[in-house]
Structure formats: structure tokens, C-alpha cells
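Data first, discussion second: the structure below is written as C-alpha cells.
Read-outs throughout are calculated quantities, based only on the coordinates presented, and are distinct from any laboratory measurement. In this text the structure is predicted, and so the values were computed from the model without any measurement. Cβ sites come from the backbone with ideal geometry, for glycine too, and all protein chains shown count toward neighbours.
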Amino acid sequence: MEDVRRVVKEFLNLPMEEKMKRPMKFEPYHPTGYGRTFDISEDTILDWVDALINYISPPALKDPEYWPDKPAAYRETIEAYGAEVIKLEKTMLGILSKSLGLDFSHLEEAFGGDEAQVVLRVNHYPRCQQPDLVMGLSPHSDGSAITVLLHDEVEGLQVKKDGLWWTVKPIPGALIVNMGDMMQLVSNGRFTSMEHRAVVRSDTERISIVVFYAPTVSAFLGPIAPKGTQQNTAIYKPIKYGDYLATYMNKELQGKDRINSLLI
Ligand code: OGA
Ligand code: NI
């Protein structure tokens, strides 16, 4: 984890021309590279963040050309970290599967097995002289199944609970795990995705390193009944993950609107 933070910081400290060698590419569903992720119009207030996105898995989506080659240790370090985070995310998925009355591997398979999309997103929130006027990341829930976030010692991530925003206190050596919208969907609302946002600061920059574990775009997902039972009443409509992503990519993030739009 220390190595990951170091190589990421080294990348972000490179001159802008170097970082812009791989400007964000807007592949349908799969943006990758460095820059901004959302299409923007003139009157949008932008989030105060630059991102570096690299696909860790499946191999077909990796797009190695979009992985930084500086610092030299970046690729190897992120590959090694990615492999460990995938193990952790699969273990958590298995445990969540069991707690929904499903086989350990049920959710992993439902999300596409080895075709699941595992995506690294580095968020760089530069210092901001008027932090009250912008957001680092606007309120949203992750579209993924599960998200693992590694951050530095700088506070900035907030979660919404009981209508209030709470700052997550960084704990050295700890990872933050967020439930994503797909868990809310497949569990028929027994799990809820966490609404969160990131605020920025005037005294220091902030960096977070996020690994999303998300279904493959062709996975067709809806509430799953526990083994040997019938679904009582599904409260969500099923959707193909690719279609869900399409609603995600071209709009500003808005709280939990997207998952709520699937409510029957
Ligand atoms: C995200 C996210 C929070 C943070 O990348 O989806 O919520 O603290 N990041 O950077
Ligand atoms: Ni998020």
C-alpha cells in the first residue's frame, strides 16, 4: 500500500505535459487515461479533481498504452496491488453472497466471473483557494458492486448518514470499503450503496486510490432470490450493467438518483 501511494504520487508530481501523454479517452463505457471523466457543458460547475483511470481486469480492457510508463515502477506496483485487491473484493463478495442465502461464488459469477471489470481510479484533488465553492466529487454512490479505497492521511471523504454528511477519519493502514449500487440491486435493497462525496481544501492537496469491482457490461442483473426460494416482491427492475453505466457516464453525479430510478 505504501508503494502504491508512492508511485501514484510520483506520477501526479510529473509535469503536466508528461501526464497528458495519455489524455482521458472516452471509449464507450470505458474511459481510460488521465484527465476528466465526465463530459461537460459550459455552465457546469466542475468537480475539483483530476483522475487517472487504468483497467486492471479483464485483460482485454487493460489498454496498456494508457498505463503511465513513468515512474518506472508504476505498472508493476499497480498490477501487484490490483491482484491483491481483487482477492479481497472476491472474498467480500463471497461473504455477502452467503449472507444473502446464496452460494459463495454466486455473485462473483453473476457479475461475469473473470470478465468482471476491475478499474483503478486515482483521484487527485489539488489545493483550492475557495474550497467552499466547489466539490472534489459531487454526491454519488458508486455504480460498482464493491469499491476499495486507499487514501492518504488527509481528510476529505464524507458519507451521508441520517441526512447528514460525516467525515471519514483516515486510519493509517486501513482500506475503506464502499458498497456499490449493484449490491443494492441484487440484494433487492437489503444492502444499500453508500452515498458519499469528496470535499477539497485550501491547505493541502489530497489523493485517493480507488479500485472498483463492477460487473461485465453484458451482465443482466436484478434482485436475486435466496437459494431454493422465490423472490417475494422485487422492488427493482433488472438492467444490463452496460445500460446502467451508460446513464452514469454522461451526466453529473447526483446522489442516489440512478439506483432509485430502477425502483418499481
Ligand atoms: C470515487 C470516490 C472518494 C474519494 O472515486 O468514486 O468516491 O475520497 N472517491 O476520493
Ligand atoms: Ni465514489
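Other residues whose C-beta falls under 12 angstrom from the C-beta of Ile239 contribute a net charge of +1, scoring Lys and Arg +1 and Asp and Glu -1. For Glu155, neighbours were defined as the other residues whose beta-carbon sits under 9 Å from its Cβ, and their charges (Lys and Arg +1, Asp and Glu -1) total +2. Test of understanding: extend the Cα→C-beta vector of Lys25 to 7 Å, then name every residue of segment 52-77 with backbone N under 20 Å from that spot. Only 52-71, 74-76 pass the distance filter.
If you take the square roots of the eigenvalues of the alpha-carbon gyration tensor of segment 64-139 and sort them as a ≥ b ≥ c, do you get rounded (a/c under 1.5), prolate (a/b over b/c) or oblate? Oblate shape, in that a/c is at least 1.5 and b/c is the bigger or equal ratio. Near Pro172, once Lys and Arg are set to +1 and Asp and Glu to -1 for all other residues with Cβ below 14 Å from its Cβ, the sum equals -2. In this Cβ point-charge picture (+1 for Lys and Arg, -1 for Asp and Glu), segment 143-264 has a dipole of about 460 debye about its Cα centre. Stokes-Einstein diffusion for segment 1-105, with the hydrodynamic radius set to the Kirkwood value over Cα pairs and evaluated at 37 °C in a medium of 0.692 mPa s, equals 207 µm²/s. Under conditions of 37 °C and 0.692 mPa s, segment 135-264 yields 208 µm² s⁻¹ as its translational diffusion coefficient, taking Rh as the Kirkwood radius over Cα pairs in the Stokes-Einstein equation. Each listed q (0.09, 0.10, 0.15, 0.17 Å⁻¹) maps to a log10 I(q)/I(0) for the chain from the Debye sum over equal C-alpha point scatterers, namely -0.40, -0.49, -1.15, -1.49. Axis of helix 2-12 versus longest Cα principal axis of the chain: the two differ by about 60°, to the nearest ten degrees.
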